[in-house]
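The values are calculated or read from the model by the stated rules, or taken from the named source; none is laboratory data. Quantities reported herein were computed from a predicted structural model and do not represent experimental measurements. Quick reminder, even Gly has a Cβ in these numbers, built from the backbone with ideal geometry, and neighbours come from all protein chains shown.
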Amino acid sequence: GDSVTQMEGPVTLSEEAFLTINCTYTATGYPSLFWYVQYPGEGLQLLLKATKADDKGSNKGFEATYRKETTSFHLEKGSVQVSDSAVYFCALSDRPDSWGKLQFGAGTQVVVTP
Amino acid sequence: GAVVSQHPSWVICKSGTSVKIECRSLDFQATTMFWYRQFPKQSLMLMATSNEGSKATYEQGVEKDKFLINHASLTLSTLTVTSAHPEDSSFYICSVAGGRETQYFGPGTRLLVL
């Protein structure tokens with residue numbers, strides 16, 4: 001079945017450091033890929049998404065490129081801020097004609113220190 | 001995006017009792033809602049998909065008589081954990097389907113069964 005694997009956390013960084021969170025997936029079809037972020041005490045929010053190979057999703061300085069050849073969707077940000085401290089979830093949906101049925105990775109906690 | 005609330009945010013109950021968790025879509029008509037369960041340091045596992053006015057569709061391995069879902073209106077879905085036991089202790093999260101492959105998540109409810 002479909003699955004998502006992302007790097008374990010916590011990832012601790014200093015402000016303005018470069019952030020990468022690795023995410024790889026297995027899927028039988030051509031899934032859409034997502035990054036969700038969960039700030040402390042809040043629900044998951046969609047950060048960015050990509051629906052086909054070589055698409056790049058971007059939002060709030062974060063980027064991720066859909067790499068079919070490596071089945072990856074790594075999240076990157078060039079200069080993190082303390083406000084980026086959160087848990088980040090990689091997810092896929094292999095049924096674009098449905099309302100979701102997302103398959104999530106385990107989440108990666110990111111802690112940014114001043 | 002839609003604002004989704006959950007109530008209660010946390011609950012402690014005795015083994016054998018039933019617990020009801022509410023998920024409300026505050027500003028969006030929620031035709032479809034999802035219920036997830038999350039164990040510590042693990043990914044969100046989809047439990048069921050509920051559509052307003054019809055029976056929920058449960059994922060494989062989820063006991064529908066154990067986890068009763070009611071989605072009687074476009075703003076409210078409830079999850080009742082019946083005859084709860086310590087192994088039901090978990091973090092329960094609901095989401096609202098907001099469009100093609102978009103979901104809006106509630107902040108979650110932590111259940112502890114003693």
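Structure data summary
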{"quantity": "Considering residues of segment B:55-69 that are of a type outside the set (Phe, Trp, Tyr) and in contact (Cβ under 8 Å) with a residue 12 or more places away in the chain only, the residue nearest to B:Gly106 (Cα to Cα)", "calculated": "B:Ile69"}
{"quantity": "Which listed residue is within 14 Å of chain A (Cβ to nearest Cβ) and touching a residue at least 40 places away in the same chain (Cβ under 8 Å), from B:Ser90, B:Ser83, B:Ser77", "calculated": "B:Ser77"}
{"quantity": "Members of segment A:81-107 that are surrounded by 21 or more Cβ atoms within 10 Å (Cβ to Cβ) and at pLDDT 90 or above", "calculated": "A:Ala86, A:Tyr88, A:Phe89, A:Cys90, A:Ala91, A:Leu92, A:Phe104, A:Gly105, A:Gly107"}
{"quantity": "Residue count for segment B:42-53, restricted to those that are more than 10 Å from every other protein chain (Cβ to nearest Cβ), assigned to a loop (DSSP other than H, G, I, E, B) and in contact with a strand residue (DSSP E or B) (Cβ under 6 Å, 6 or more places away or on another chain)", "calculated": "0"}
{"quantity": "Test result for A:Phe18, among the aromatic types (Phe, Trp, Tyr), more than 14 Å from chain B (Cβ to nearest Cβ) and either surrounded by 17 or more Cβ atoms within 10 Å (Cβ to Cβ) or without any contact (Cβ under 8 Å) to a residue 24 or more places away in the chain (or both)", "calculated": "no"}
{"quantity": "Within segment B:29-41, tally of residues that are at pLDDT below 85 and more than 8 Å from chain A (Cβ to nearest Cβ)", "calculated": "2"}
{"quantity": "Number of the exception - B:Thr17 against (1) at pLDDT below 90; (2) not in a strand (DSSP E or B)", "calculated": "(1)"}
{"quantity": "Qualifying residues in segment B:59-74 (those that are among the charged types (D, E, K, R) and out of contact with any strand residue (DSSP E or B) (no Cβ under 9 Å at 6 or more places or on another chain)) - the one nearest to the other protein chains (Cβ to nearest Cβ)", "calculated": "B:Glu63"}
{"quantity": "Within segment A:33-50, considering residues that are surrounded by fewer than 24 Cβ atoms within 10 Å (Cβ to Cβ) and touching an Asp or Glu at 6+ places or on another chain (Cβ under 9 Å), the one farthest from A:Val87 (Cα to Cα)", "calculated": "A:Lys49"}
{"quantity": "Filtered residue count, segment B:102-114, keeping only those that are surrounded by fewer than 21 Cβ atoms within 10 Å (Cβ to Cβ) and either within 12 Å of another protein chain (Cβ to nearest Cβ) or over 14 Å from B:Val11 (Cα atoms) (or both)", "calculated": "3"}
{"quantity": "Members of segment A:44-77 found to be within 14 Å of chain B (Cβ to nearest Cβ), of a type outside the set (S, T, N, Q) and touching a residue at least 12 places away in the same chain (Cβ under 8 Å), listed by number", "calculated": "A:Leu44, A:Leu46, A:Leu47, A:Leu48, A:Lys49, A:Ala50, A:Lys52, A:Gly57, A:Tyr66"}
